[in-house]
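Contents: one structure, followed by commentary.
Just so it is clear, none of the values below were taken in a lab; they were calculated from the coordinates. Every value quoted in this text rests on a predicted model; they were computed, and no experiment measured them. Every residue, glycine among them, receives a Cβ derived from its backbone with ideal geometry; neighbour counts consider all protein chains shown.
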Amino acid sequence: MSKKNHKGRISLEKELEDIFSELSLCSGLPVENIDNGKTGRSGKKRDRPPKNSCRALIPLDTAKIRRGYLKEYKRRKKVLERLEEQLQRYEESDEPEYRKYLARTFGAEQTLLRELTEQIHLCQNRYEKIRFLAHESHMSKERYCFTLRSQLTSEQNFWELLEMELQRFLESGRKTREEEKREYEKSARELRSAVFGVDEDEDIEMDETCEDDDDFEKIFQKLFDNLLGDDDNIPEEESEVSELKKLYRELCLQYHPDRMGAHDAKTQRLWHEIQDAYVNRDLEGLRAIRSGIELESGETTLSCSEIDEMLLDIEWSIQEKRSELRAQKKTPIWGFASWTEQKRKQIAKEIKSEFDQNAQMTRLQLQRLKTELERLLQWKPKEKKRPIPQKKTNAQLRNEKLADIPDLFDL
């Protein structure tokens with residue numbers, strides 16, 4: 001055997017002996033009773049060691065693992081911040097600059113397109129009113145317009161009368177609902193008085209007394225729970241709302257502009273995330289924000305599993321931001337703020353042709369709507385055709401003449 005292999009074997013045996021010595025501390029057995037193989041150095045078989053009856057837990061030092069998790073979290077957090085900065089630059093620089101460029105270069109085209117769109121919305125609104133009222137009147141749209149047109153006066157036009165009819169219909173529906181509600185309440189009171197023999201005045205007083213008793217019981221129960229420190233009876237929703245408000249107040253006191261001064265880009269994004277989470281009642285979101293702040297500051301007591309969950313949330317946010325960033329990069333205005341004047345002139349022709357195409361399609365749509373409304377207004381019911389008299393034959397004419405001749409025997 002070579003010297004190199006002999007030294008390696010000796011070092012391996014020392015490591016095994018160290019491991020067995022640590023295990024002996026847990027099992028209470030001497031090191032000699034724990035063998036590192038089936039046979040000893042003499043080659044003789046040894047007895048099988050007794051089973052380890054120790055059930056003590058060996059504490060694990062997770063400081064190194066936790067530092068690795070924290071390092072990975074900070075690294076992925078920087079990636080997320082870079083993605084958010086690119087999106088923020090696009091929203092705050094490229095889009096406003098592109099809108100200013102369109103208003104400055106294609107103001108007339110934008111105005112024309114906006115006017116055509118408003119006319120389309122007006123025609124669609126009128127058509128929907130006709131369709132709704134005709135359906136409620138159990139008529140066709142053409143028949144309803146003809147009936148409404150017959151009620152016109154010299155001081156009104158058709159669209160004013162249509163609006164008056166719509167308001168009258170809505171008002172009648174509201175009155176009908178109120179009458180039905182009053183009748184239902186009246187019949188319910190009569191039924192209670194007939195079954196329980198209670199008058200209306202006594203019923204009202206009893207209802208008020210019951211409401212006061214319920215309020216008193218709620219207040220007393222809340223006071224009793226607070227005195228005894230019993231939080232089990234507190235509804236889960238109330239506890240979540242109170243925790244949400246407490247977290248929001250804590251974060252606002254820490255990051256409010258009046259307290260810490262002007263925000264930089266990173267702090268401003270964090271402030272908007274806090275406000276969005278509170279508006280949406282997202283308690284988990286506020287907890288994640290607070291945990292992230294503690295991780296970045298280094299003053300945290302989170303376990304490895306909790307940091308791992310936050311890493312998963314960071315990865316999910318990174319994937320979302322990357323997909324959003326890919327979609328924005330496909331738009332023709334990505335990086336518009338840094339474009340040269342020559343490149344803007346080149347794209348001006350494409351923008352001009354796109355405006356013209358949109359205006360042409362909008363005109364066609366408006367023309368179709370106007371034609372349909374004009375058809376409804378000019379519709380008239382068809383007049384019933386009179387039956388065309390048939391020509392009489394010669395035999396019929398001869399019989400009629402013979403019938404007109406008086407009979408001589410009658411005379």
Quick check: pseudo-label points 7 Å beyond the Cα along Cα→Cβ at residue 330 and residue 121, how many nm apart are they? 2.9 nm
Over all Cα pairs of the range 87-166, the Kirkwood radius sets Rh, and Rg/Rh then becomes 1.32
Considering the alpha-carbon set of the range 71-117 alone, what are its Rg and its Dmax in angstrom? 18.4, 57
The size of the Cβ-based charge dipole (Lys, Arg +1; Asp, Glu -1) of the range 270-374 about the Cα centre, to the nearest 20 debye, is 1200 debye
Based on the mean of other Cβ atoms within 10 Å per residue, sort peptides 371-381, 125-135, 254-264 so the most packed one is first. 125-135, 371-381, 254-264
Here, GluC sites (Glu not before Pro) of the range 254-324 satisfying both criteria (DSSP loop; at most 14 other Cβ within 10 Å) are 299
Return, ordered by residue number, the residues of the range 107-140 whose backbone nitrogen is under 20 Å from a label point located 7 Å along Cα→Cβ of residue 156. 126-140
Two-site label geometry, residue 306 and residue 175: point separation in nm, points 7 Å out along Cα→Cβ: 6.5 nm
Listed residues 162, 139, 176: farthest to the positive end of the dipole of the range 134-177 (Cβ charges): 176
Label residue 379 and residue 82 with points 7 Å out from Cα along Cα→Cβ: what is the distance between them in nm? 6.5 nm
Debye log10 I(q)/I(0) for the range 250-343, one point scatterer per Cα, at q = 0.10, 0.12 Å⁻¹: -0.41, -0.56
